[in-house]
1. Can you tell me which of 185-192, 138-145 comes out highest on packing, and rank the rest after it, using the mean Cβ neighbours within 10 Å?
2. Mind giving me the FRET efficiency for Asn250 and Phe33? R0 is 35 Å, r the Cβ-Cβ distance, nearest 0.05 is fine.
3. Taking the mean number of other Cβ atoms within 10 Å as a proxy for protection, how do you rank 22-28, 303-309, 42-48, 112-118 from highest to lowest?
4. Report relative contact order for the range 185-327 in percent, whole number only (criteria: Cα-Cα under 8 Å, sequence separation at least 6).
5. Using helices alone, what [θ] at 222 nm do you get for the chain, with -39,500 (n - 2.57) per DSSP H run of 4 or more residues, divided over all residues and rounded to the nearest 500?
6. Work out the charge dipole of the chain with +1 on the Cβ of Lys and Arg and -1 on the Cβ of Asp and Glu about the Cα centre, then indicate which of Leu94, Gly51, Ile233 is farthest towards its positive end.
7. If you place +1 on the Cβ of every Lys and Arg and -1 on the Cβ of every Asp and Glu, how big does the dipole about the Cα centre of the chain come out, in debye to the nearest 20?
8. Taking a threshold of 27 Å on the Cα-Cα distance, which of the pairs Lys68/Lys352; Lys209/Lys352; Lys68/Lys258; Lys68/Lys284 fall above it?
Amino acid sequence: MSGQRENRIDLLRGLSLLLIFIGHAEFTFSQTFQQSRGFSDASEIFVLLAGMSSALAYYRPDMGLQMKRPWRRALRLYFTHLMLFAVMAVVSSLVLAVFHEAVWDGAMSEFWRNPLLRGIQAMSLFFMPGNLDILPMYVVLLLFAPFAFVLHDRSRPALLAVCGAVWLLAGLGHVNFPNVALAGGTWYFDPFSWQLIFVIGICLGIRLKRGETVLPYSRPLFIAAAVFAVAAIPANLAVHFALPEGRMGNLLHQMVSKTNEGPLRIINVLAILYLAWNIAWVQKAANHPSMRLLCIAGRHSLAIFASGLLLAFCVMVLMKVAPGMSLAAQLLLLVGCCAIQLAIGQWLETRKQAVSSQRLSATRISDAGAIGAKSG
């Protein structure tokens, strides 16, 4: 690739971050909104694009096992996770102090019953309340990324076959890490299952970095992807809201399991990405000034995700203490929180450009001084 960014990744990732916020905020319409986009949701798009971005940032062809940069990023994500946990613990303590515990009945209440034990478990990633288990999954995926790069250089089919086998065994055997904060006792996002989406993203990112066609257009495949993506919307709503319990219902729920990344979710997210990559107006939108703030949010994904998670946590508190909030007030709150996230992205981008300009000016002054010294 040239030095140009692939703005489609930034645009889709920025949009995914806002959609993730809506799902986490627990508005009265969040659950229906979450299930009305097909079998997959913004989480799959985000992880798939994270794999592509990891390849663009850290992959170096035929350089052997290079762990420093992706593992340093993983460490940064781990400390960000702990910071988010600490902030949420402080907010929950204030809520519990002001309101009756029945208003705030959840994992954070359990945390304050035994803060020392739960704090140790939180640092070891054994205690992760809902919405705080996405970054830990990404930490595990980044730790695996250097090995995926090496195996990709040896044989891409072998990499996909190994990761596919791990995904299948993890799904069938429910292999997962423990999480005592959730009722199921395991991580909500099973890294052994979700690694397949991440690795597919890595393979696509390496193709992009090499200048190869990432998702070549095929009319029959495009039509099939469009039909599947559209049909998945009512089908997923039926699975979650209208399907009766029973053997068939349980089977379909496994096919769309979010914890174990069911096969229908994988097919759905790949269909969505294929459509987005081959629709001309998506690329035009990614390069249009009107989409600039969304693209900027996608570039600063960690900060936007963290701020979105904190805002969602605050909205959850408001929804619990004011359960009768009107739809108009909820929509106003939604718009305001999204505007805050976009403003944070713009501020970070402005700051980044200012730092880059200062460094460039310092380099030019240094070079001018060196030339003057040589001339003298």
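1. Details: 185-192: 20.6, 138-145: 22.4.
So the peptides 185-192, 138-145, ranked by packing, come out 138-145, 185-192.
2. Values: r = 25 Å, r/R0 = 0.71.
It comes out at approximately 0.90.
3. On the way: 22-28: 19.4, 303-309: 22.1, 42-48: 23.7, 112-118: 12.4.
Peptide ranking by packing, descending: 42-48, 303-309, 22-28, 112-118.
4. Numbers: 64 pairs, mean separation 35.2, N = 143.
Relative contact order of the range 185-327: 25 percent.
5. Details: 16 runs with 280 residues, N = 376.
Here the helix-only value at 222 nm equals -25000 deg cm²/dmol.
6. Farthest along the dipole direction, towards plus: Gly51.
7. Values: 30 positive and 17 negative charges, 283 e Å.
Using only the charged Cβ atoms, the result is roughly 1360 debye.
8. Values: Lys68/Lys352 23 Å; Lys209/Lys352 24 Å; Lys68/Lys258 31 Å; Lys68/Lys284 36 Å.
Violating the 27 Å Cα-Cα cut-off are Lys68/Lys258; Lys68/Lys284.
Throughout, read-outs are computed from the coordinates displayed, never taken from laboratory work. It should be emphasised that the depicted structure is a prediction, and the values quoted were computed from it without experimental measurement. As a convention, Cβ positions derive from the backbone with ideal geometry for all residues, glycine included, and neighbour counts pool all protein chains shown.
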